[in-house]
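Each remark here refers to the structure printed beneath this line.
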Amino acid sequence: MATHNELGRRGEAIAKAHLEAAGYEILDENWTFGKAEVDLIDYKDQTIIFTEVKTRTGTGFGQPEDFVDNRKQKLLAQAADEYIYLMNHQGDARFDIIAILFTPQNTYTLKHIEDAFWPSPQ
């Protein structure tokens, strides 16, 4: 398996642990719809949160959260619409990003960006 896949899985596990410690309920992991995959779908305070996890080992090409571009946001919005429909969720929803940046010493920083974006209609 490619190293970046292992890094991504590790980042998702760290993000999941962070959310659970903060009182979030994890509803789904790696949920797919069409071409979109939502890393974590969680729930807190009557809100469904669609969480994109970005893990990197450096910032040479930008911060991890910079990689959630407009195309990715639209795909996540499509998946979120379907998930909300399937679950018949009547409450609020939002999109979060968890950015994890590893250092060469194998430590990391975690940035949880709540309500990171709201995709524009297509």
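The values are calculated or read from the model by the stated rules, or taken from the named source; none is laboratory data. Please read these numbers as outputs of a predicted model, since none were measured by experiment. Note that each Cβ is placed from the backbone with ideal geometry, even for glycine, and that neighbours are counted across all protein chains shown.
Quick notes
- Per-region count, the range 1-49, residues more than 24 Å from Leu86 (Cα to Cα), of a type in the set (D, E, K, R) and without any contact (Cβ under 8 Å) to a residue 12 or more places away in the chain: 2
- Meets criteria (of a type outside the set (A, V, I, L, M, F, W, C), at pLDDT 95 or above and out of contact with any strand residue (DSSP E or B) (no Cβ under 8 Å at 6 or more places or on another chain)) for Tyr24: no
- Residue match in the range 112-122 (condition: among the aromatic types (Phe, Trp, Tyr), loosely packed, with under 13 Cβ neighbours inside 10 Å and on the phi < 0 side of the Ramachandran plot): yes
- The range 18-40, residues that are surrounded by 12 or more Cβ atoms within 10 Å (Cβ to Cβ) and of a type in the set (Gly, Ala, Ser): Ala36
- Criterion violated by Thr47 - all others in (1) loosely packed, with under 12 Cβ neighbours inside 10 Å; (2) of a type outside the set (Phe, Trp, Tyr); (3) over 14 Å from the mean Cα position of the chain (by Cα) satisfied: (1)
- Long-range neighbours under 8 Å by Cβ, at least six apart or interchain, first residue touching a residue at least 12 places away in the same chain (Cβ under 8 Å) within the range 69-82, second assigned to a helix (DSSP H, G or I) and loosely packed, with under 13 Cβ neighbours inside 10 Å: none
- Filter pass, Tyr83 being surrounded by 15 or more Cβ atoms within 10 Å (Cβ to Cβ) and touching a helix residue (DSSP H, G or I) at 6+ places or on another chain (Cβ under 9 Å): no
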